[in-house]
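The values are calculated or read from the model by the stated rules, or taken from the named source; none is laboratory data. Bear in mind the structure is a predicted one, so any value in this text is a computation, not a measurement. Quick reminder, even Gly has a Cβ in these numbers, built from the backbone with ideal geometry, and neighbours come from all protein chains shown. Surface areas here come from the heavy atoms of the whole protein model, side chains and all, with no ligands, DNA or RNA. Shrake-Rupley method; radii C 1.70, N 1.55, O 1.52, S 1.80 Å.
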2 protein chains.
Amino acid sequence: MEEINNIEVVPCTESDYLKPFRVHYNQNGTKKSWDFMRTHDSVSVLIFNTTLHCFVLVKQFRPAVYMCEWEKSKTQPPQSAEKNEEGAAEAEAAAPASESQEGQSRGVTYELCAGLVDKPDLSLEEIARQEVLEECGYDVPASKLKRITSYRSGVGVTGSKQTMFYAEVSEDNCVSAGGGEPREGELIEVVKVPLHEAMTFAYDERIPKTMGVIFSFIWFHNNMSPKYKISTNV
Amino acid sequence: MEEINNIEVVPCTESDYLKPFRVHYNQNGTKKSWDFMRTHDSVSVLIFNTTLHCFVLVKQFRPAVYMCEWEKSKTQPPQSAEKNEEGAAEAEAAAPASESQEGQSRGVTYELCAGLVDKPDLSLEEIARQEVLEECGYDVPASKLKRITSYRSGVGVTGSKQTMFYAEVSEDNCVSAGGGEPREGELIEVVKVPLHEAMTFAYDERIPKTMGVIFSFIWFHNNMSPKYKISTNV
């Protein structure tokens, strides 16, 4: 359980991470403009542990997700709120409880092991390999990473490309506890999802997760089922 | 084919669409901060036309995707580029050709019909229904929308939630050509993908698309296959 407190939100006039740009252009003769942000492409990796027959995910506190929930708790009337003249309820801007009704830490999400493509000298496979090692503690050669597919993420804002890989690991490959780079401020928990619970996990909306988790579990079910049995009663 | 020209990029100090904020917080006693953006939740809809046995997607020019490709073309040396003293190639910041090697318009992506949840009075189903009508021209009651699942999109920056629906439509439901709201500047092309080509389309990386398209096609294959036959030779 993450303990989150002393929350303070300020406008951000200069960010090293979020740099908005505006592009003016003509589309089929019509003048248009669009605000976007520059970012790196990324890789994500579905990790399957063949010794324990489980998927290996990362679980981390995501401030953006937490703030998104906080915003909603402000605009949704609490049960005891009184209506004002316009009929809108006034709600205090209180931080949400650290635990949701479903027992999940607020703002914590389950995700595939992933990372930014910010090292121009390395192949996508090499970058993916490093993330598997740093975040999840498994040391596997880049050649063992199987490319699943690629797609555009954040088409409205960043337009970046994500490439998804599949990695089979065994307990013999486990060389550390993972958890990310503490000097980069990463606080990542490695989570194992047993194969027979995977489809229930994927479609349980009470468990906050990315689409990558759901898609990759189903990809595994469809493409690896000759090798491994997965429960499909969903 | 989209004709894109007169491109000009400027830094964006004030944007109505991208508003960066910074949150300072304590996580398990450690002081941290994170830059994020406020945005709306969203809905997306997998549309299956039962008369024509095809999926209905939207195809549109995405400035952020175009700029992302432009950035890459600047940092990758053109074949005739001369190396400078540091061994790095100098490349002109020229806009990429309007057509890629694969014959796709640059910056154009295939996506599920989708929209922002920005009308607090409407249910997610109602908002999804409106998008199906405005973008694709099919008029179906909200009650016919089946919820597939929900997940977090953009966990790093926006943290917003997307809910995915499935809608079966027939040619009888087709009341307009779709194409989005021209007054909102939407230039959307409605595209039909025949059921028997869907899996090939999903995994063809030369066709730029979102993960939502790939995931939903596979979801259909796994969950609707008793009703409809889909080719699986991928």
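Go through the residues of segment B:22-31 one by one and say whether even a single one is without any contact (Cβ under 8 Å) to a residue 12 or more places away in the chain, part of a strand (DSSP E or B), more than 7 Å from chain A (Cβ to nearest Cβ) and open to solvent by 50 Å² or more (accessible area, probe 1.4 Å).
Within segment B:22-31, one or more residues are without any contact (Cβ under 8 Å) to a residue 12 or more places away in the chain, part of a strand (DSSP E or B), more than 7 Å from chain A (Cβ to nearest Cβ) and open to solvent by 50 Å² or more (accessible area, probe 1.4 Å).
Is it the case, given these coordinates, that B:Glu197 is open to solvent by 20 Å² or more (accessible area, probe 1.4 Å) and under 22 Å from A:Gly159 (Cβ atoms)?
no
Looking at B:Glu8 and the list (1) more than 30 Å from B:Gly212 (Cβ to Cβ); (2) under 24 Å from the mean Cα position of the chain (by Cα); (3) more than 7 Å from every other protein chain (Cβ to nearest Cβ), which single condition is not satisfied?
Among (1) more than 30 Å from B:Gly212 (Cβ to Cβ); (2) under 24 Å from the mean Cα position of the chain (by Cα); (3) more than 7 Å from every other protein chain (Cβ to nearest Cβ), B:Glu8 violates only (3).
Does B:Val65 fit the bill of being open to solvent by less than 60 Å² (accessible area, probe 1.4 Å), touching a helix residue (DSSP H, G or I) at 6+ places or on another chain (Cβ under 9 Å) and among the aliphatic types (A, V, I, L, M)?
Criteria not met by B:Val65.
A quick yes/no check of all residues on (1) among the small types (Gly, Ala, Ser); (2) more than 30 Å from A:Arg22 (Cα to Cα):
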{"site": "A:Gln162", "(1), (2)": "no, no"}
{"site": "A:Ser170", "(1), (2)": "yes, yes"}
{"site": "A:Asn173", "(1), (2)": "no, yes"}
{"site": "A:Ser176", "(1), (2)": "yes, yes"}
{"site": "A:Leu187", "(1), (2)": "no, yes"}
{"site": "A:Val191", "(1), (2)": "no, yes"}
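On the basis of being within 20 Å of A:Gly154 (Cβ to Cβ), within 17 Å of the chain's Cα centre (by Cα) and open to solvent by 20 Å² or more (accessible area, probe 1.4 Å), does B:Glu131 make the cut?
It is true that B:Glu131 is within 20 Å of A:Gly154 (Cβ to Cβ), within 17 Å of the chain's Cα centre (by Cα) and open to solvent by 20 Å² or more (accessible area, probe 1.4 Å).
Go through (1) under 30 Å from B:Trp34 (Cα atoms); (2) at pLDDT 95 or above; (3) polar (S, T, N, Q); (4) more than 18 Å from the chain's Cα centre (by Cα) one by one and return the number of the condition A:Ser216 breaks.
Just one mismatch for A:Ser216, condition (4).
Identify, by number, the condition in (1) at the interface with chain B (Cβ under 9 Å from one of its Cβ atoms); (2) open to solvent by 20 Å² or more (accessible area, probe 1.4 Å); (3) of a type outside the set (Lys, Arg) that A:Leu52 doesn't meet.
Exception for A:Leu52: condition (1).
Please specify each residue of segment A:11-21 satisfying the condition of being more than 7 Å from chain B (Cβ to nearest Cβ) and open to solvent by less than 70 Å² (accessible area, probe 1.4 Å).
none
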